[in-house]
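Undergrad: My questions all concern the structure below.
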Amino acid sequence: MDFRKNPKTDFKDIEELSEEKARQEAEALREGIAHHNYRYYVKNDPVISDATFDKLFNRLRRLEETWPKLRTADSPTRRIGAPPADSLQRLEHRAPMLSLNAALEESKLREFFDFVRRETGQTELIWVAEPKFDGASVEAVFENGIFRTAATRGDGHVGEDISENLATVRTLPLRLHTEKPPTSLAVRGEVFLPQKAFQELNRKRLESGEEPYANPRNAAAGTLRRLASKIVSRLPLDIFFYDILAIDGEDFSSHWKELEAFDRWGLKTNPLNRKLSTFSDLSDYRQELIRQRGDLPYEIDGIVVKLDDLALQKELGARHRSPRWAMAWKFEPKREVTVIENIVVQVGTSGMLTPVALLQPVEVGGVTVSRATLHNEREVRHKDLRVGDKVRIERAGDVIPEVVEVIERPNKYAHKFHMPEKCPSCGAKVVREGAYVLCPAGLSCKAQLRGRIRHYGARDALDIDHLGTETARQLVQRELVTSLADLYRLQPQDLVNLEGFAEKSARQLYDAIQSARTPRLDRFLHALAIRHVGQSMAQVLARNFGSLNKLAAADENALQRIDGVGPEIACSVVRFFRDNRRALDDLRKVGVEVRTMPTRKSELPLQNKTFVFTGSLDGYTRTEAEQAVEDLGARTTSSVSGQTDFLVVGDNPGSKLDDARKRGTRIISETEFRKLVARFRGA
Ligand code: IVH
């Protein structure tokens, strides 16, 4: 069995497999999938179709569900994430994660070169130059070639355990590509969200009323620290490796050789890394990267230059938590001067009014900028921006243009900026929430409708195929839809005249809308684009209230009793249900029936209990067993810790049994487990 070349996917029925056959097949699948992942994500050169890949993946998942002990630490199924943990654990680094001295001026870099020459007494030095990535720095640890743990930088000594989230990064090998891996290896790399995904993520956050991330670094760090790796696994995070923190069982003499080893092991390095020897080479390298910067799919904010010779590195050592053998040469921020021609107010999907500066078009770092968000009224007042002002603008994190400051005010009589008292789209009286101004009309404000329709049909909301931005725009513009409920009233003949539609696609959209009549509560809540309620908050609310009616009837106190729900969220939820009662009634009238969900309230008998499973059970697949206790309010996790209440032991248990014995965790058999579930189900 080899799934690396021309994989066959006509698998035998799982029931027909012996355990030994299943083990062999799982092993071959793991190797095949790891290989195809690498071809696809690292080499950008896939050799099989996505559909075939999915078949291999699903087969492995089924096998592992049937025989849980076949699941290994390097199994690609680890990439799809685990249920959320309560909080991230702390993890100590194998070696301190230092930071870098950095400068903008060429003279500082020349001084650095001179300093190193003087200290080492050598004039002919070899350097390695690399892009400086604007992402989040992480440590990844491999034991005998298998990916074990990962941590954020934290304070440089102790970070947060993000192992399960990093495992979802497709370009991270879960097993190094070598027969003879170092016994222990801790490497450092930068995790980033590609430019496009970053913009998409921010657009979604804005739509659901969350604050956008200020730059790709925050987006990557924020994402990695999310508690639900299942959600993280849907984002195309990527990683470049650039340093060895600690290694046993192998020795290198130069940094360049480390990078070459990374390539052999399948640890992704950056293709723009270069070896060079003179300062003028370094200068040229920097110019070259500045030229390429706009075309790279990820953000860089400078270059890093490192002394190649590791013995010399060691000799120089570190000072003030930065190495004396490396330095960052930052790029100038992308700044330009232009004029504010007007300040207009936009209404976002969740009703937020945002002042936007219309600018005299100007090129900043290769992109023409003609508008800039001013965030909110406080910000405009603070910077005292007025129409006609000559201003400095900057593209922060390469994406969102920002007005930094006023340089000159040619018109002495220019008016101060005020937010309107009424929504510029629907005329409703605005409400204030701290620095923010909101239109409360929600589902009945036209400016919000287009975005809300799009959001309603989005993949992670109600997943209505063919209901994209362009379709939503036309539906609102032609007044075919004036509320969410109207969507369900559309007939195929209404849709066939839309641009880009024909009979078949009109029918498909119609069918897709009709089949979105019984959404699950969490998805429906997310689909409503309630301010401050993103995908994970929607899940929290759904699990706690169980039904739409219960949530709609909840007051702020009841909401705030839930972990993770603060006054802002509570207020926003209460306000939404108060102001959109008619729109929701309307949805009910056209036949939308929101499915209830099992709650995690105190009436659930296993609330606050944590279960771990090991070995295979006779009467349940792993998922069924987990589901059984989760439905009763329990949490399930993959390893035994101080928080574990029960370890359920099946046939051929793994090392978790030893862990549980050491900790004195309560251990129960499948029979006891079955009794426990039956007792509470009956209750
Ligand atoms: S080397 C001891 N190389 O920049 C050397 N760092 O401002 C440690 N960074 O915290 C760093 N790209 O997160 C190195 N090619 C690169 C880098 C890089 C980005 C980050 C790193 C560090 C920060 C310092």
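The values are calculated or read from the model by the stated rules, or taken from the named source; none is laboratory data. Please read these numbers as outputs of a predicted model, since none were measured by experiment. Note that we place each Cβ from the backbone using ideal geometry, even for glycine, and neighbour counts take in every protein chain shown. Accessible surface is based on the protein model in full, side chains and every heavy atom, while ligands, DNA and RNA are left aside. Shrake-Rupley method; radii C 1.70, N 1.55, O 1.52, S 1.80 Å.
Undergrad: Restricting attention to the stretch 27-74, which residues are over 18 Å from Pro7 (Cβ atoms), within 23 Å of the chain's Cα centre (by Cα) and aliphatic (A, V, I, L, M)?
TA: Val42, Ala73
Undergrad: Please work out if Asp295 is acidic (Asp, Glu) and closer than 12 Å to Val116 by Cβ. Break it down into steps so the answer makes sense when it comes.
TA: Values: acidic (Asp, Glu): yes; closer than 12 Å to Val116 by Cβ: no.
No: the conditions fail for Asp295.
Each row is one residue, and each column tells you yes or no for (1) closer than 22 Å to Arg226 by Cβ; (2) at pLDDT 95 or above.
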position: Ile530; (1), (2): yes, no
position: Ser536; (1), (2): yes, no
position: Val540; (1), (2): yes, no
position: Leu548; (1), (2): no, yes
position: Leu551; (1), (2): no, yes
position: Arg561; (1), (2): no, no
position: Val565; (1), (2): yes, no
position: Ser572; (1), (2): yes, no
position: Phe576; (1), (2): no, no
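Undergrad: Continuing with the same structure: Identify, from the list Leu224, Leu245, the residue that is open to solvent by 10 Å² or more (accessible area, probe 1.4 Å), over 26 Å from Asp45 (Cα atoms) and within 16 Å of the ligand (Cβ to nearest atom).
TA: None of the others qualify; the one that does is Leu245.
Undergrad: Here is a list: Lys230, Lys268, Lys196. Which entry is closer than 27 Å to Arg90 by Cα, out of contact with any Leu (no Cβ under 7 Å at 6 or more places or on another chain), in a helix (DSSP H, G or I) and in contact (Cβ under 8 Å) with a residue 60 or more places away in the chain?
TA: Lys230
Undergrad: Return yes or no: is Thr482 in contact with an Asp or Glu (Cβ under 7 Å, 6 or more places away or on another chain), among the β-branched types (Val, Ile, Thr) and in contact (Cβ under 8 Å) with a residue 24 or more places away in the chain?
TA: Considered against the rule, which asks whether it is in contact with an Asp or Glu (Cβ under 7 Å, 6 or more places away or on another chain), among the β-branched types (Val, Ile, Thr) and in contact (Cβ under 8 Å) with a residue 24 or more places away in the chain, Thr482 comes out as no.
Undergrad: For the stretch 433-466, how many residues are in a loop (DSSP other than H, G, I, E, B) and either of a type in the set (Phe, Trp, Tyr) or open to solvent by less than 10 Å² (accessible area, probe 1.4 Å) (or both)? Before the answer, list the steps.
TA: Initially, the stretch 433-466 is screened for residues in a loop (DSSP other than H, G, I, E, B), giving 434-435, 439-441, 445, 458-466.
Right, trim to either of a type in the set (Phe, Trp, Tyr) or open to solvent by less than 10 Å² (accessible area, probe 1.4 Å) (or both) and you get 439, 445, 461, 464.
Residues flagged as in a loop (DSSP other than H, G, I, E, B) and either of a type in the set (Phe, Trp, Tyr) or open to solvent by less than 10 Å² (accessible area, probe 1.4 Å) (or both) within the stretch 433-466 amount to 4.
Undergrad: Just to check your reading of the model, which residue among Tyr413, Tyr488 is in a loop (DSSP other than H, G, I, E, B), of a type in the set (Ser, Thr, Tyr) and surrounded by fewer than 22 Cβ atoms within 10 Å (Cβ to Cβ)?
TA: Step by step, each of Tyr413, Tyr488 is checked, and only Tyr413 is in a loop (DSSP other than H, G, I, E, B), of a type in the set (Ser, Thr, Tyr) and surrounded by fewer than 22 Cβ atoms within 10 Å (Cβ to Cβ).
Undergrad: Any idea which of Glu568, Glu624, Glu593 is within 27 Å of the chain's Cα centre (by Cα), farther than 22 Å from Gln89 by Cα and charged (D, E, K, R)?
TA: Result: Glu568 is the single residue among Glu568, Glu624, Glu593 that is within 27 Å of the chain's Cα centre (by Cα), farther than 22 Å from Gln89 by Cα and charged (D, E, K, R).
Condition check ((1) of a type outside the set (Lys, Arg); (2) open to solvent by less than 30 Å² (accessible area, probe 1.4 Å); (3) free of Cβ contacts under 8 Å to residues at least 24 places away in the same chain) across all residues:
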position	(1), (2), (3)
His36	yes, yes, no
Asp50	yes, no, yes
Pro68	yes, yes, no
Pro76	yes, yes, no
Gln89	yes, no, no
Glu106	yes, no, no
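Undergrad: May I pose another question? Take Glu402 and decide whether it is within 25 Å of Pro216 (Cα to Cα) and of a type in the set (D, E, K, R).
TA: On the way: within 25 Å of Pro216 (Cα to Cα): yes; of a type in the set (D, E, K, R): yes.
When the stated conditions are applied, Glu402 passes them.
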